[in-house]
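The values are calculated or read from the model by the stated rules, or taken from the named source; none is laboratory data. No experiment lies behind these values; they were computed from the predicted model shown. Every residue, glycine among them, receives a Cβ derived from its backbone with ideal geometry; neighbour counts consider all protein chains shown. Side chains are part of the model used for accessible areas, which takes the heavy atoms of the whole protein and leaves out ligands, DNA and RNA. Shrake-Rupley method; radii C 1.70, N 1.55, O 1.52, S 1.80 Å.
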Amino acid sequence: MTTVTERPPAADPAPTPKRRRSKSPLRREENRAGLTLVSPTLVIVLVVVVLPILWTVMLAFQNVRLVDIQSQGLWGHWTLRNLERVFSSPGFWSSLWTTLVYTIGSTLGSIVVGLIAALALRKPFRGRALIRGAMLLPYVAPVVAVAFVWQVLLSPDLGVVNHWGVEWLGWDRPIAFLTQRSYEVLGVPVPMALFTVIAFETWRYFPFAFLFLIARMQAVPPVLEEAAVVDGTTPWQRFRFILLPQLMPVVALLTVLRFIFTFNKFDDVYLLTGGGAGTDVVAVRVYRFLTARFDVGLASAQAVVLAVVLIVLLGLYFRFFGRKVQEEQA
Amino acid sequence: MTRDGFQIRFFGIMRWVVIAVLVVATVFPFYYMVLLSVKPIDELLLDPGRIWVSAKEFSLDSYRSVLTSVENGGQGFPLMLRNSAIVSIGAMLLTLLVAIPGAYAVSRLRFTGHRKVGALFLGVYLFPATLLAVPLFVMFAKVGLQGSLFGLIVVYIAQTVPVAIYMLRSYFSTVPVSIEEAAALDGCSRFQILRKVVLPLAAPSVMATALYVFMIAWNEFLFALLFLAAEPDHWTVSLGLQQLANGVEVPKTVLMAGSVVLTLPVVLMFYGAERLLTEGLTSGADKG
């Protein structure tokens, strides 16, 4: 391979003290070139993401409906009424709780299944590439298509799962996986629809975790485990004390990524259950306020509350595990 | 048996059990999708448990219905396929146009804030997409982009640029600096270096990023729903399929045929370039 070692870019004169104010002309040119090259990115993110977010935050404190916005302009009547309504509206707290259960369940599920899959496919065997490819299908396929397949698969009247369940597994009647709020299983009420949605999310995103974990596993030097074999460790011990610690930074990063994405997730729940049967996550609620009631102020306030909750949770997470995630990103 | 021996046997067997379960779990739904799409609905209702199709009942009627234009009494997917193609390819090209210079700058140049890519990520993904909907809706209405495919493309660029920069950045930093220095000595400007040296060397990664953006845009549903729901002529395939499912009594078999039509392009594309893609997405992950 090349003998070139990674080093800082060209225009770097002898080690300069970090905090020197006056930059050399070369450095200034570099600074300008850099800013020019990222400016398209910054502009589009600013216009399509940052400004709308700021505006929404403002709308959350105004009393507006969709029809008023065009005429009203940016500064309306400021009010805390929307926030009060969010907190006092029926179903808000249970919706937040549902969102949390959904997010934690799906994040955990996809990472654990992804880890198991990565372990199973770690050592090469014939046809591994093919199986690995098959395993990525749920992640690659469009959400609308897979959500509908699940709906049909689990449908009580023509779905194959219920058909087999009744015929071979001795279910006394078909289970309405997606429309029944809760079932008694051995005397314990199980939130069926919520569980099904979590299972769907796990199924769809374990390939994502799998990809990252197997990439990391392949970079673990084999000598580590070979040495442990010589020391007489069992496979479980090698996983627990050698492999797992090596994977932890990736696991921490995956946790953050999956948590953020799932927390804000709209499509999957909306397509599977429409937010019914105890799967009313906040993202779907926001959408409903927006499209059914055209109540922009309330929808915005709800979305802002969701974002604040997420930020607080992430803040807590980084307080406790921040170092690991940082390491991974470096 | 020793504990070690037991574990080796146990995990050895479990490994194959796990592989079998995972393959069934991931492949079966797609098999089922294709199966139902070529079955007449009556046969399905007659015996929902039969998971194969006999030569006698095999029929492409569902596909015919899906792929016939609305004027001719079908579901009008050709138009939607065209819309999806325009949006996805447009988003792909424009995202690259924006992300390539950005990624190059982030990987090579030291400018104010060059380590703040993470902030970009948070800015774009931390807030629920529904939060962006209202202001974007109003902004687009003001500049005449409401219900247009171009408006959707603009949103997709913003949604994919952070991922694109993340993917490209790690590739660009593998291009040896010395090559660039040589080009600079030969009198290339920074822009020329990017275009004539870095891009050709990073071509596979640019391809991978392009495909990934295409996939995201092709599969996207929420923004299409928010911006285009009122414009049936501009529906993408994802949106059209969902509206079809919401409509009056459409047989599930037709729905599945639509799902196959929606899924096939991305899946083909993905497996055409699987290696590229999976390595691209995770290339940052194995640095430990």
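Can you give me the % of accessible surface on chain A that is carbon or sulfur? Probe 1.4 Å, all protein chains present, nothing else counted.
On the way: 10830 of 16460 Å².
On chain A, the fraction of accessible area on carbon and sulfur atoms equals 66 percent.
Please work out the average accessible area per residue across chain A, using the 1.4 Å probe convention, and give it in Å².
Counting only protein heavy atoms, the per-residue value for chain A is 50 Å².
So what J values fall out for region B:191-200 if you push phi through Karplus, 6.51 cos²θ - 1.76 cosθ + 1.60 with θ = phi - 60°, rounded to Hz, Gly and Pro as x?
The phi angles translate into 5, 5, 4, 4, 7, 9, 10, 5, 4, x Hz.
For A:TYR183, list long-range residues whose amide hydrogen, built 1.01 Å from N in the peptide plane, is under 5 Å from its own amide hydrogen.
For A:TYR183, whose amide H was placed from the backbone, the distant partners under 5 Å are A:VAL190, A:MET192.
Give me a comma-separated list of calculated 3J(HN,Hα) values for region A:226-239, in order, Karplus coefficients 6.51, -1.76, 1.60 applied at θ = phi - 60°, integers in Hz, x for any Gly or Pro.
4, 4, 5, 4, 4, 6, x, 8, 8, x, 4, 5, 5, 5
Could you go through region A:273-286 in sequence order and give the Karplus-derived ³J(HN,Hα) for each residue, using 6.51 cos²θ - 1.76 cosθ + 1.60 with θ = phi - 60°, rounded to whole Hz, and x for Gly and Pro?
Whole-Hz 3J(HN,Hα) from phi for region A:273-286: 10, x, x, x, 6, x, 10, 6, 6, 4, 4, 5, 4, 4.
Enumerate the amide H contacts of A:GLN62 below 5 Å, restricted to partners 5 or more residues apart or on another chain; note that Pro and chain-start residues carry no placed amide H.
A:THR79
If you roll a 1.4 Å probe over the heavy atoms of the protein chains, what accessible area per residue do you get for region B:79-287, in Å²? Can you show the working numbers first?
Details: 7890 Å² over 209 residues.
Each residue of region B:79-287 exposes 38 Å² on average to a 1.4 Å probe.
Based solely on C-alpha atoms, express the radius of gyration and the Dmax of region A:219-330 in angstrom.
21.1, 68
Normalise the Cα radius of gyration of region B:1-122 by 2.2 N^0.38 Å (N = residues in it) and let me know the number. The partial results should precede the final answer.
Working: Rg = 25.9 Å, N = 122, 2.2 N^0.38 = 13.7 Å.
Normalised Rg, Cα atoms only: 1.89.
Which residues of region A:44-62 show a drop of at least 20 Å² in accessible area when all protein chains are present, compared with their chain alone (probe radius 1.4 Å, heavy atoms only, ligands and nucleic acids excluded)?
By number: A:ILE44, A:VAL45, A:VAL47, A:VAL48, A:VAL49, A:PRO52, A:ILE53, A:TRP55, A:THR56.
Provide, in order from the shortest bin, the percent of all Cα-Cα pairs of chain A in each 10 Å bin, continuing until the bin that contains the maximum pair distance.
Spelled out bin by bin, chain A gives 5, 17, 23, 24, 18, 10, 3, 1, 0 percent.
Kirkwood Rh over Cα pairs of the protein assembly as shown into Stokes-Einstein at 25 °C, 0.890 mPa s: D in µm²/s? Could the numbers behind the result be given before it?
On the way: Rh = 26.6 Å.
Once the numbers are plugged in, D ends up at 92 µm²/s.
What shape does region B:91-239 take by its C-alpha gyration tensor, where a ≥ b ≥ c are the square roots of the eigenvalues and a/c under 1.5 counts as rounded, a/b above b/c as prolate, and the rest as oblate?
Details: a/c = 2.60, a/b = 2.17, b/c = 1.20.
Taking the square roots of the gyration eigenvalues as a ≥ b ≥ c, region B:91-239 is prolate.
Excluding B:VAL198 itself, calculate the net charge of residues whose Cβ lies under 11 Å from the Cβ of B:VAL198, where each Lys or Arg counts +1 and each Asp or Glu counts -1. Kindly include the intermediate steps, with their values, before the conclusion.
Numbers: positive: B:ARG108, B:ARG190, B:ARG195, B:LYS196; negative: B:GLU180.
Local net charge: +3.
Which residues belonging to region B:94-114 lose at least 50 Å² of 1.4 Å-probe accessible area when the assembly is complete, relative to their chain isolated?
B:VAL98, B:ARG110, B:PHE111
Find the sum over both chains of the accessible area lost when A and B are paired, probe 1.4 Å, and report it in Å² to the nearest 100.
Values: alone 20840 and 17030 Å², together 29100 Å².
Chain pair A/B: roughly 8800 Å² of buried accessible area.
Using only the Cα atoms, work out Rg/Rh for region A:71-171, with Rh taken as the Kirkwood radius, to two decimals.
On the way: Rg = 22.5 Å, Rh = 18.9 Å.
Rg divided by Rh gives 1.19.
Remind me, relative contact order of chain B in percent, using alpha carbon pairs under 8 angstrom and six or more residues apart?
Values: 276 pairs, mean separation 77.3, N = 288.
Normalised by residue count, the contact order of chain B is 27 percent.
Heavy atoms only, probe 1.4 Å: what % of the accessible area of chain B goes to carbon and sulfur, would you let me know? Working shown, then result.
On the way: 8500 of 12640 Å².
Accessible surface attributable to carbon and sulfur in chain B totals 67 percent.
Computed on alpha carbon atoms, what radius of gyration and Dmax characterise region A:115-208, expressed in Å?
Rg then Dmax for region A:115-208, in Å: 16.1, 46.
Checking understanding here: applying a Kyte-Doolittle mean of at least 0.0 and a length along the axis of at least 15 Å (C-alpha), which whole DSSP H helices in chain B pass?
Working: long enough: B:3-37 (50 Å, 1.37); B:77-108 (45 Å, 1.36); B:129-142 (20 Å, 1.89); B:149-172 (31 Å, 1.56); B:203-219 (24 Å, 1.28); B:252-272 (29 Å, 1.66).
Helix filter hits for chain B: B:3-37, B:77-108, B:129-142, B:149-172, B:203-219, B:252-272.
Probe radius 1.4 Å, ligands and nucleic acids left out: which of A:ARG28, A:ARG126 has the largest accessible area, and how do the rest follow? Don't jump to the answer; show the numbers that get you there.
Working: A:ARG28 130, A:ARG126 225 Å².
Highest to lowest solvent-accessible surface, that is A:ARG126, A:ARG28.
Ranked by accessible surface with a 1.4 Å probe, highest first, in what order do B:GLU71, B:GLU57, B:GLU279 come?
Details: B:GLU71 160, B:GLU57 15, B:GLU279 95 Å².
Highest to lowest solvent-accessible surface, that is B:GLU71, B:GLU279, B:GLU57.
I'd like the accessible area for B:LEU211, computed on protein heavy atoms only with a 1.4 Å probe and all protein chains in place. Round to 10 Å², please.
Taking all protein chains as shown, B:LEU211 has close to 20 Å².
Compute the semi-axes of the equivalent ellipsoid of chain B, taking the square root of 5 times each eigenvalue of the Cα gyration tensor, and list them largest first in whole Å.
Working: eigenvalues 319, 193, 61 Å².
Equivalent ellipsoid semi-axes, largest first: 40, 31, 17 Å.
Starting from the residue with the highest accessible area, list A:TRP203, B:TRP16 in decreasing order, probe 1.4 Å.
Values: A:TRP203 20, B:TRP16 125 Å².
Ranked list, largest accessible area first: B:TRP16, A:TRP203.
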